[in-house]
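Asker: Take a look at this one; I'll ask things after.
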Number of protein chains: 2
Amino acid sequence: MATQTAAQRREEARLAYNAYLAGCPSRKLLDTLSDKWVSLVLAALADGPCRYSELARTVAGVSQKMLTQTLRTMERDGLVSRTITPSVPVRVDYRLTSLGEDLVPLMQAIKSWAEIHMDEVEAARQAYDSSAASGDA
Amino acid sequence: MATQTAAQRREEARLAYNAYLAGCPSRKLLDTLSDKWVSLVLAALADGPCRYSELARTVAGVSQKMLTQTLRTMERDGLVSRTITPSVPVRVDYRLTSLGEDLVPLMQAIKSWAEIHMDEVEAARQAYDSSAASGDA
DNA sequence: CAGGATCCCAGATGATACTG
DNA sequence: CAGTATCATCTGGGATCCTG
């Protein structure tokens, strides 16, 4: 036990950490919920069902890849349902499941919090930045 | 206006999107809140003030880089305060500000939601995976 | 003990082209 | 229209070394 110490211990800690996370179910969900696009898609669908192309426009800026990937994840987690209408130009609608709708107020709560405290955060940032810039003497 | 179309339009959309995000204050905060480590540090500090090294142990698995980076971000946003005690081996304590404490219940709410609905999500995932694996025939 | 500076890898994400 | 496959990229995050 001489050739390795800090590195190995760190490695162990990380494995233990991962195991901890793996064992914590809520953590896995939190992972999904904190995804950049999930919240946006959730917000977009909160207004009602939407077609793929509509979502692409509403969440403007997302690539097909990310949109599809996000939708698939959400579908897998039971947050949204996918309805295929085999018309000539295929039509696919996405809508929130009851589980997904259940989540909307949660996200809005965070958004509200953010809006309410935004000025405080802004102030904190400016104070931090200016003191850092001037060497805070 | 012939050599470029889809690509350029996409670019425009992205710029517009970024502008939108920049203009949406809550979004910027959401960015911070959804950070992988922020929630963990927040939880770690919820129990009370903590030294740098303690945090490193509590959030086991995080590297100094990420821990420092996370703490700096949170400090800048006014979520945590940093107290330096110029003793011989420098001592630095971090604690949640009132703003940060205000955020704790929010995060716990999400965690609760996740725990409550975890089984539903698990079920959805299994259903999704098995139907996908069997070709969903 | 705290943390800044660097180097580096891997996964996340974007752009494009192609298909049903 | 919806979605997949691939290639290129870009940033997050980890390991290390160094300083106050």
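Asker: Quick one: A:ASP119 ticks every box in (1) away from DNA strand D (no atom under 16 Å from the Cβ); (2) within 20 Å of the chain's Cα centre (by Cα); (3) without any contact (Cβ under 8 Å) to a residue 24 or more places away in the chain bar one, so which box is it?
Answerer: (2)
Asker: If you take the residues in the range A:28-46 that are within 15 Å of DNA strand D (Cβ to nearest atom) and small (Gly, Ala, Ser), which one is farthest from B:ASP35 (Cα to Cα)?
Answerer: A:ALA44
Asker: Another question, if that's okay. Please enumerate the residues belonging to the range A:70-89 that are within 10 Å of DNA strand D (Cβ to nearest atom) and either hydroxyl-bearing (Ser, Thr, Tyr) or within 14 Å of chain B (Cβ to nearest Cβ) (or both). Don't jump to the end; show me each part of the working.
Answerer: From the range A:70-89, those within 10 Å of DNA strand D (Cβ to nearest atom) are A:71-72, A:75, A:82-85, A:87-89; that's our starting set.
Within the range A:70-89, A:LEU71, A:ARG72, A:GLU75, A:ARG82, A:THR83, A:ILE84, A:THR85, A:SER87 qualify.
Conditions (1) within 18 Å of A:HIS117 (Cα to Cα); (2) more than 9 Å from every other protein chain (Cβ to nearest Cβ); (3) more than 16 Å from DNA strand D (Cβ to nearest atom), marked per residue:
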{"position": "B:GLY48", "(1), (2), (3)": "no, yes, yes"}
{"position": "B:MET66", "(1), (2), (3)": "no, yes, no"}
{"position": "B:ARG91", "(1), (2), (3)": "no, yes, no"}
{"position": "B:VAL104", "(1), (2), (3)": "yes, yes, yes"}
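Asker: Can you run down the residue pairs with Cβ atoms below 6 Å, 6 or more apart or on separate chains, where the first is in the range B:42-60 and basic (Lys, Arg) and the partner is open to solvent by less than 50 Å² (accessible area, probe 1.4 Å)?
Answerer: Going by the 6 Å Cβ cut-off, the qualifying pairs are B:ARG51/B:ASP93.
Asker: So which pairs qualify, if the first residue must be in the range B:78-97 and under 19 Å from A:ALA123 (Cα atoms) and within 12 Å of DNA strand C (Cβ to nearest atom), the second must be of a type in the set (S, T, N, Q) and assigned to a loop (DSSP other than H, G, I, E, B), the Cβ gap must be under 8 Å, and the two must be at least 6 apart or on different chains?
Answerer: B:VAL80/B:THR97; B:SER81/B:THR97
The values are calculated or read from the model by the stated rules, or taken from the named source; none is laboratory data. What you see is a predicted model, and the numbers here were worked out from it, not measured in a lab. Please note: Cβ atoms are built from the backbone with ideal geometry, for glycine as well, and neighbour counts cover all protein chains shown. Ligands, DNA and RNA are stripped out before the accessible areas are found, and what is left, the full protein with its side chains, is counted by its heavy atoms. Shrake-Rupley method; radii C 1.70, N 1.55, O 1.52, S 1.80 Å.
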